[in-house]
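Notes for the one structure printed next.
The values are calculated or read from the model by the stated rules, or taken from the named source; none is laboratory data. Computed from a prediction, not measured in an experiment: that's the story for all the values here. So basically every Cβ, Gly included, is an ideal-geometry build from the backbone, and we count neighbours across all protein chains shown. Ligands, DNA and RNA are stripped out before the accessible areas are found, and what is left, the full protein with its side chains, is counted by its heavy atoms. Shrake-Rupley method; radii C 1.70, N 1.55, O 1.52, S 1.80 Å.
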Amino acid sequence: MSDTHAQSVQFVRGTMIPEQDPPITEKGALKWMRENLFSSWLNAILTVLSLYVIYWVLAHILPWTVGGIWDAESLSQCRDIRDASGIDYNVACWAVITDRWHQLLFGFYPSELYWRPILALIIFGAAIAPILFETLPRKMLIVSIAAPFLAYWLLWGGSVWGPIAVAFGFGIGWAIVTYGESLLGALGAIIGAIVVPVLYWLFLAGPVGAALQATLPIGIAQIGSNQFGGFMLAIIIGVSAIVLSLPLGILLALGRQSDLFIINKCSVIFIEVIRGVPLIVWLFTASLLLNYFLPPEVSFDLMLRVIIMVTLFASAYIAEVVRGGLAALPRGQYEGADSLGLDYWQAMRLIILPQALKISIPGIVSTFIGLFKDTTLVVFIGLLDPIGLSQAIRADSAWNGIYWELFIFIGLCFFIFCFSMSQYSQWLERKLNTGHR
Amino acid sequence: MTETSPYATDHVVDRSHMKVSDEVAIEINNMNKWFGTFHVLRDIDLTVYRGERIVICGPSGSGKSTLIRCVNALEEHQQGKIVVDGTELSNDLKNIDKIRSEVGMCFQHFNLFPHLTILENCTLAPIWVRKTPKREAEETAMHFLKKVKIPEQADKYPGQLSGGQQQRVAIARSLCMRPRIMLFDEPTSALDPEMIKEVLDTMIELAEEGMTMLCVTHEMGFARQVANRVIFMDAGQIVEQNEPEPFFTNPQSERTKLFLSQILGH
Ligand SMILES: Nc1ncnc2c1ncn2[C@@H]1O[C@H](COP(=O)(O)OP(=O)(O)OP(=O)(O)O)[C@@H](O)[C@H]1O
Ligand SMILES: [Mg+2]
């Protein structure tokens, strides 16, 4: 029995089978199409249908976009050019962009001074780069510290001593925190670092700046906030609010987690009140009501008020996003930090926040993107953001009746900004992923 | 499980340095703790001398973790007195941070910081709490990582290490603060059998060097080898304490007998 069986079991391969290509339908584009587009009848029908829809949409949009007219002085001239070339369908009149792009970007900022916002933008880029990309030299952080004051001076102009006098206040605060601790104790130093600079700004900064200007006048032409507009305005409000709302939001989130009753309740009330009311209401508050509360001699720039309101609004959202990140951390992380003897702020800064913020990145960036787009709401309180400017451009008889081209341009600019934020956040998430959990 | 744990080390424990001095390391007096209205710890009295190795065991929920977490103020006690290294635990944050930096703690789930490398995990507290220069802190860290036998993992992240390796890093991280007392809360109970041995070996080595240790563990082999006192807790109270030999061979209380018969599988 075993003998007969051995014949069918024993086998020795004589020649090796060479490697072969898979069947033609099993590789490359064909395989991909079969698997992804035509895997079943339903799938095939849907594929064809979708292709038709895509074709239909493109067939309407492409000729309009690509065939657009770039060189004209008014909408009617655009139409004349189109009719003259014998095209019987609608085409875009991009000429409005070539004619008015500078207004969409800079508002009514004097055109001979465009270099100032551009330089401010470059400085901002240099300031933010070392914060966004850790590999850049740490020395660049000096630019980051000076940038806000420099950018402010470039944008609004006036005496150079004003921003310097204000910056000096921060210097005082920093000095009190660093050197005052032995004298005043930790809490005393922090309170001192807040109170002294505020008093300085309220009563001394103005006269000091003026006195310095009188002795050594250095300055550039002053530009009022009412001349700001377009993307410049959106970027100034958006960027300031983003930069300021992150630290504020983190503090609020920590406050909401705190065991200290007063701090906890204040944070909760602040967050809930700010979040519970639409941004547009806060903007009207900023434009109308704040003046009632402030002493009449303090004329507070409208743009500054808007920046403050948008910052507060965004920080409430950031606080909730960050709180989610804090809650997602296992309690063991807090205990690990505590058991090593780190104090509260060290534990937060070194252990808890780096992890919580990492978890919160998608939420934080969503909030930032939302905030940036919400800056268009300032049009309702009379600031000329890009949307407001598109109205202003239409008010000119030459461009009366033009909508799509402007909106597409505005949309594209916003998209570039928001998309890069989103891309950066995804890059950051990948970079911070240390393969845990 | 037999009477000696299968994970007991092969090497003979050297007891020459394991001298217990008269100096008091931890003194707990009449301590009571409540979680809300639930009375977790009741009238705890315990004096730990420098150089002592104490093993705490008891059924789940008996308050073992809570007890040793009270020692470095991870939990607050409501009544009684805890003195660690001559400093009384009070609400003063400065005192608490000082005690925590003198008392090392290892957790069941390691609690390493996943966003920092092993080396950074070990140098963080020395640099920020002790203000040790970075270079020196790194040297110390490498010294202790060698001691727990994983210096080659220094640049990895905790997520890339096995459980046993992570627990040894956690021990090294505590040691970098040069603590005078070490607390262990079930350091091996989240680990696979073969990893338990490597962690226990590390702990035995520590004991041999004379570290004051307070361990919550169910590794009875470890208790026999290195402990000089075993404490049995039940329902928030210390039910029995004795030297390991009499504790295991001749337990006095019925509860202890029942517990030991369950855990040792008699
Ligand atoms: N934060 C808390 N709030 C309320 N009750 C708690 C808290 N932590 C623990 N307890 C309760 O206190 C009791 C003792 O808990 P503890 O963790 O000290 O037990 P244990 O002896 O360490 O148990 P195990 O062996 O399971 O770790 C348990 O009944 C538990 O439910
Ligand atoms: Mg426990």
(Q) Can you find, among A:L58, A:F38, A:V96, the residue sitting farthest towards the positive end of the charge dipole of the range A:24-96, where Lys and Arg contribute +1 and Asp and Glu -1 at Cβ? (A) A:F38
Q | Rounded tilt (10° steps) of A:141-156 against the dominant C-alpha axis of chain A | A | 70
Q: Would you kindly compute the Cα radius of gyration of the range B:142-205 and its largest Cα-Cα separation (Dmax), both in Å?
A: 11.2, 30
Q) Of the heavy-atom accessible surface of the range A:158-220 (probe 1.4 angstrom), what whole percent is carbon and sulfur? A) 83
Q. Just how far, in whole angstrom, is the range A:205-242 from the range B:116-142 if you go by their alpha carbon centroids?
A. 45
Q | B:K146 accessible area, assembled protein chains, probe 1.4 Å, Å² | A | 130
Q) What pairs in B:K33/B:K81; B:K98/B:K147; B:K98/B:K149; B:K64/B:K147; B:K98/B:K131; B:K149/B:K197 have C-alpha atoms more than 18 Å from each other? A) B:K98/B:K147; B:K98/B:K149; B:K64/B:K147
Q. Ranked by accessible surface with a 1.4 Å probe, highest first, in what order do A:T285, B:T256 come?
A. A:T285, B:T256
Q. Rounded to the nearest 0.05, what FRET efficiency do A:W427 and A:F38 have when you use their Cβ-Cβ distance and R0 = 45 Å?
A. 0.80
Q | Surface/4 estimate of mean projected area, convex hull on alpha-carbon atoms of the range A:158-220, nm² | A | 4.3
Q | Cys residues of chain A counted as unpaired, since no other Cys beta-carbon is under 4.7 Å | A | A:C266, A:C413, A:C418
Q) Across the Cα atoms of the range B:46-177, what radius of gyration and what greatest pairwise Cα-Cα distance (Dmax) are found, in Å? A) 16.1, 46
Q. So how do A:328-336, A:358-366 stack up, highest first, on mean other-Cβ count within 10 Å?
A. A:358-366, A:328-336
Q) Going by accessible area, probe 1.4 Å, with all protein chains left in place, what is the ranking of A:T15, B:T188, B:T47, A:T178, largest first? A) A:T15, A:T178, B:T47, B:T188
Q: May I ask you to give the percent of accessible area on chain B that is carbon plus sulfur, with a probe radius of 1.4 Å?
A: 49
Q. Under Stokes-Einstein, with the Kirkwood radius over Cα pairs standing in for Rh, what whole-number D in µm²/s applies to chain A at 10 °C and 1.306 mPa s?
A. 59
Q: Calculate the spin-label point distance for A:H60 paired with B:S253, positioning each point 7 Å from the Cα along the beta-carbon direction, and give it in nanometres.
A: 8.2
Q. How would A:D385, A:D374, A:D83 line up by accessible area, probe 1.4 Å, largest first?
A. A:D83, A:D374, A:D385
(Q) Using a 1.4 Å probe on the protein heavy atoms only, what accessible surface does A:L353 show? Give it in Å² to the nearest 10. (A) 30
**Q.** Accessible area buried, both sides summed, chains B and A with 1.4 Å probe, Å²
**A.** 2000
Q. Helix-derived [θ] at 222 nm for chain B: sum -39500 (n - 2.57) over DSSP H runs of at least 4, divide by residue count, nearest 500?
A. -11000 deg cm²/dmol
Q) To the nearest Å, what is the center-to-center distance of the range B:165-236 and the range A:70-139, using C-alpha atoms only? A) 67
Q) For B:K156, which aspartates and glutamates qualify as cross-link partners when the Cα separation must be under 16 Å and same-chain residues fewer than eight apart are set aside? A) B:E120, B:E138
Q) Between B:E75 and B:V24, what FRET efficiency follows from the Cβ-Cβ distance if R0 is 25 Å, with the result rounded to 0.05? A) 0.70
Q: Considering Cα pairs under 8 angstrom that are at least six residues apart, work out the relative contact order of chain A and quote it in whole percent.
A: 16
Q: Report the label-to-label distance for B:F38 and B:T87 in nanometres (one decimal), using points 7 Å from each Cα along the Cα→Cβ vector.
A: 3.1
(Q) Debye calculation, C-alpha points only, no solvent: report log10 I(q)/I(0) for the range A:24-96 at q = 0.14, 0.16 Å⁻¹, in the same order as the q values. (A) -0.60, -0.66
Q: Restricting things to alpha carbons, find the Rg to Rh ratio for the range A:342-437 using the Kirkwood radius for Rh.
A: 1.22
Q) For the protein assembly as shown, with every protein chain kept in place, what is the accessible area per residue (1.4 Å probe, Å²)? A) 53
Q: May I ask you to derive the FRET efficiency for A:W115 and A:W174 from their Cβ-Cβ distance with R0 = 22 Å, giving the value to the nearest 0.05?
A: 0.10
Q: Go ahead and estimate [θ] at 222 nm for chain A from helices alone: -39,500 (n - 2.57) per DSSP H run with n ≥ 4, summed, over the residue count, rounded to 500.
A: -22500 deg cm²/dmol
**Q.** Accessible surface of the range A:24-96 [probe 1.4 Å, protein heavy atoms]: carbon and sulfur percent
**A.** 67
(Q) Give me the extension gain from B:T47 to B:A190: residue separation times 0.36 nm, minus the current Cα-Cα distance, reported in nm with one decimal. (A) 48.6 nm
**Q.** Rounded accessible area of A:D259 (nearest 10 Å², 1.4 Å probe)
**A.** 150
Q) Which whole-number percent gives the relative contact order of the range A:158-220, counting Cα pairs below 8 Å spaced six or more residues apart? A) 56
